[in-house]
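Trainee: Quick one: the structure is below, questions incoming.
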Amino acid sequence: MTDARLAELAGLLPGLRLLTDPADLEHYGRDWTRRWTPAPLAIALPAEVAEVQAIVRWANTHHIAIVPSGGRTGLSGGAVAMHGELVVSLERMNRVLAFDAVDRTLTVQPGITLQAVHDAAQAQGLIYPVDFAARGSCSIGGNIATNAGGIRVIRYGNTREWVAGLKVISGSGELLDLNRGLIKNSSGYDLRQLMIGSEGTLGVVVEATLRLTEPPPPSQVMLLALPDMDALMQVFSVFRAKLSLQAFEFFTDVAQRHVLAHGGQRAMDGDYPYYVVTEFDAVDERAMETALAAFEHGVEQGWISDGVVAQSDAQAAALWRLREGITESLAPRRPYKNDISVRIAAVPAFLHEMQSLLEREYPHFEVVWFGHIGDGNLHINVLKPEALAEAEFISQCEHVTKLLAQTLQRHGGSISAEHGIGLVKRAYLESTRGAAEIALMRGLRQVFDPQGVLNPGKLF
Ligand code: 2HG
Ligand code: ZN
């Protein structure tokens, strides 16, 4: 260890794994944004809570910034380390600690992947219902840090709904045991909820107690082709009224083209401007008849052009891949991303304004839209033309995001629905949160992390 501060840390915690190889600094210093050049001081891989606590105390002593790190699948730069920070990767703390059959809770370490949580729940005949495409790589600590949403929010809500307890090391190095798995706890401020979505700025999650629930009834997956944007919410309201929805996701033909080029299977002969993948409870024949009646109604009204019902689990997975494969298919192009939301009732008016804004401002860029339309959450991925320099591309996209933020503000929406603010959206926080609200957030940060060691520069 050439750095004296690191040598001191190594001396304090002889069992702590510390990495300083350039390849490790690069690997652990970035997330899926790939926009910044990673330059952390070192990577610490603690194996237990006491080590995390000692690291945070050491960071306070030496005024060293810490970047808490999970699966680094984040899309907002929340886990990027580019200014000599110590990255604290929780990946070695990845075990299931306890299952309680009476409480129906699973207590886990923060570095466990979402997929491993799903598997552990399934082994108990239950489910952890938060789900999204990065499940195999993202960690539960990161999910908590961003209040991750995903494809089942319409039925189950966001991560926030499923965290019954948290153990956290605050920025000043205190171990906090928050809510302890209680369902009812009306004893003052709920600091657990404050931690959820705080993007590693208030504390480092070292243990989480997750609520589990019973698996949903058997379901059916349908792909719908729609002729225009207005049809999206019309079909949504009919399907939501008639069926018990587990998911209602949309994407455009542009998105489908990218997935098909990356190994996705075409499900329909024709090409249509908009598609919806929906999954709904289909307990018996009657439920299926209801679904088909809703489909027919949509066709008669001119809202649905075509449809496919999955005939097997493999076909259901192939239909889902058309939606879930989008991010991966675009990743090599390093798209500029927006992740925005409005209330469901505001979606139709907002979509129109947004569409004309994007058409006007991005006449030469390929723009891919998709997302959780049933939650009012849209993802916009803008692709850089090859000839354009990266910096110029980002600056043009930032200009459009500014306009988009103004549009969102008029519609009462949010600049970040589920990916977090991180580094990417800091400049737009004020379009979603009032000045007084941001001042209170800053005050809270100061209380939890007086020396400002936790993820400085992120969020605000
Ligand atoms: C999704 O919904 C993820 O698939 C990623 O939130 C969205 O890549 C994106 O913009
Ligand atoms: Zn999403």
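The values are calculated or read from the model by the stated rules, or taken from the named source; none is laboratory data. Computed from a predicted model, the values in this text were never measured in an experiment. Cβ coordinates were reconstructed from backbone atoms using ideal geometry, including for glycine residues, and neighbour counts include every protein chain displayed.
Trainee: Take the residues in the stretch 379-394 that are part of a loop (DSSP other than H, G, I, E, B) and touching a strand residue (DSSP E or B) at 6+ places or on another chain (Cβ under 9 Å), then tell me which one is nearest to ligand 2 (Cβ to nearest atom).
Mentor: Going residue by residue through the stretch 379-394, those that are part of a loop (DSSP other than H, G, I, E, B) are 384-389.
Of the ones still in play, those that are also touching a strand residue (DSSP E or B) at 6+ places or on another chain (Cβ under 9 Å) are 384-385.
Working: Lys384: 21, Pro385: 25 Å.
Per the stated criteria, the residue is Lys384.
Trainee: So which residues in the stretch 372-413 are of a type outside the set (A, V, I, L, M, F, W, C) and touching a Lys or Arg at 6+ places or on another chain (Cβ under 6 Å)? So that I can check it myself, show each step before the final result.
Mentor: So in the stretch 372-413, the residues of a type outside the set (A, V, I, L, M, F, W, C) come out as 372, 374-377, 379, 381, 384-386, 390, 392, 395-396, 398-399, 401-402, 406-407, 409-413.
If the condition is that a residue be of a type outside the set (A, V, I, L, M, F, W, C) and touching a Lys or Arg at 6+ places or on another chain (Cβ under 6 Å), then Gly376, Asn381 are the ones that fit.
Trainee: Just to be sure I understand the filter: pairs with C-beta atoms under 7 Å, separated by 6 or more residues or on different chains, first member in the stretch 312-333 and of a type in the set (Phe, Trp, Tyr), second member crowded, with 21+ Cβ neighbours inside 10 Å. Which pairs pass?
Mentor: Trp320/Val221; Trp320/Val277
Trainee: Can you confirm whether the stretch 363-372 contains a residue that is crowded, with 18+ Cβ neighbours inside 10 Å, within 16 Å of ligand 1 (Cβ to nearest atom) and either part of a helix (DSSP H, G or I) or charged (D, E, K, R) (or both)? Write out each step before concluding.
Mentor: Step one: filter the stretch 363-372 for residues crowded, with 18+ Cβ neighbours inside 10 Å, giving 365, 367-372.
So of that shortlist, the ones also within 16 Å of ligand 1 (Cβ to nearest atom) come out as 365, 367-372.
Now restrict to residues that are either part of a helix (DSSP H, G or I) or charged (D, E, K, R) (or both): none.
Checked the stretch 363-372: no residue is crowded, with 18+ Cβ neighbours inside 10 Å, within 16 Å of ligand 1 (Cβ to nearest atom) and either part of a helix (DSSP H, G or I) or charged (D, E, K, R) (or both).
Trainee: So how many residues does the stretch 328-387 have that are over 19 Å from Arg410 (Cα atoms), under 17 Å from the mean Cα position of the chain (by Cα) and of a type in the set (S, T, N, Q)?
Mentor: 1
Trainee: For the stretch 288-317, enumerate the residues that are surrounded by fewer than 19 Cβ atoms within 10 Å (Cβ to Cβ), among the aliphatic types (A, V, I, L, M) and closer than 19 Å to Lys242 by Cα.
Mentor: Met288, Leu292, Ala293, Val299, Val308, Val309
Trainee: Taking the stretch 375-398 on its own, how many of its residues are within 30 Å of Ser244 (Cα to Cα) and more than 12 Å from ligand 1 (Cβ to nearest atom)?
Mentor: Residues flagged as within 30 Å of Ser244 (Cα to Cα) and more than 12 Å from ligand 1 (Cβ to nearest atom) within the stretch 375-398 amount to 1.
Trainee: Could you please tell me which pairs satisfy a Cβ distance under 6 Å, a separation of 6+ or placement on different chains, a first residue in the stretch 62-83 that is on the phi > 0 side of the Ramachandran plot, and a second residue that is β-branched (Val, Ile, Thr)?
Mentor: Sorted first by the residue in the stretch 62-83, then by its partner, the pairs are Gly77/Thr33; Gly77/Val424.
Trainee: Answer yes if at least one residue in the stretch 396-414 is modelled with pLDDT of 95 or more, within 23 Å of the chain's Cα centre (by Cα) and within 16 Å of ligand 2 (Cβ to nearest atom), and no otherwise.
Mentor: Checked against the condition, which is being modelled with pLDDT of 95 or more, within 23 Å of the chain's Cα centre (by Cα) and within 16 Å of ligand 2 (Cβ to nearest atom), the stretch 396-414 yields at least one hit.
Trainee: A follow-up question, please. Considering only the stretch 43-57, I want to know if a residue exists there that is farther than 14 Å from Val205 by Cα, at pLDDT 95 or above and crowded, with 22+ Cβ neighbours inside 10 Å.
Mentor: Yes, the stretch 43-57 has at least one match.
Trainee: Let me ask something additional. So which pairs qualify, if the first residue must be in the stretch 140-155 and more than 15 Å from ligand 1 (Cβ to nearest atom), the second must be in a helix (DSSP H, G or I) and basic (Lys, Arg), the Cβ gap must be under 9 Å, and the two must be at least 6 apart or on different chains?
Mentor: As it stands, the answer is Ile144/Arg160, since those pairs meet every condition given.
Each row is one residue, and each column tells you yes or no for (1) of a type in the set (Ser, Thr, Tyr); (2) in contact with a strand residue (DSSP E or B) (Cβ under 7 Å, 6 or more places away or on another chain).
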{"residue": "Ala10", "(1), (2)": "no, yes"}
{"residue": "Thr20", "(1), (2)": "yes, yes"}
{"residue": "Asp24", "(1), (2)": "no, yes"}
{"residue": "Arg34", "(1), (2)": "no, no"}
{"residue": "Thr37", "(1), (2)": "yes, no"}
{"residue": "Arg57", "(1), (2)": "no, no"}
{"residue": "Ile66", "(1), (2)": "no, yes"}
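Trainee: Another question, if that's okay. If we only count helices (runs of 4 or more DSSP H) wholly inside the stretch 165-283, which ones have 3 or more residues that are touching a residue at least 40 places away in the same chain (Cβ under 8 Å) and surrounded by 19 or more Cβ atoms within 10 Å (Cβ to Cβ)? Full working, then the answer.
Mentor: Numbers: elements: 191-195, 229-242, 253-261.
The helices (runs of 4 or more DSSP H) meeting that bar are 229-242, 253-261.
Trainee: Scan the stretch 417-446 residue by residue and report those that are closer than 21 Å to Arg160 by Cβ and β-branched (Val, Ile, Thr).
Mentor: Passing the criteria: Ile421, Thr432, Ile438.
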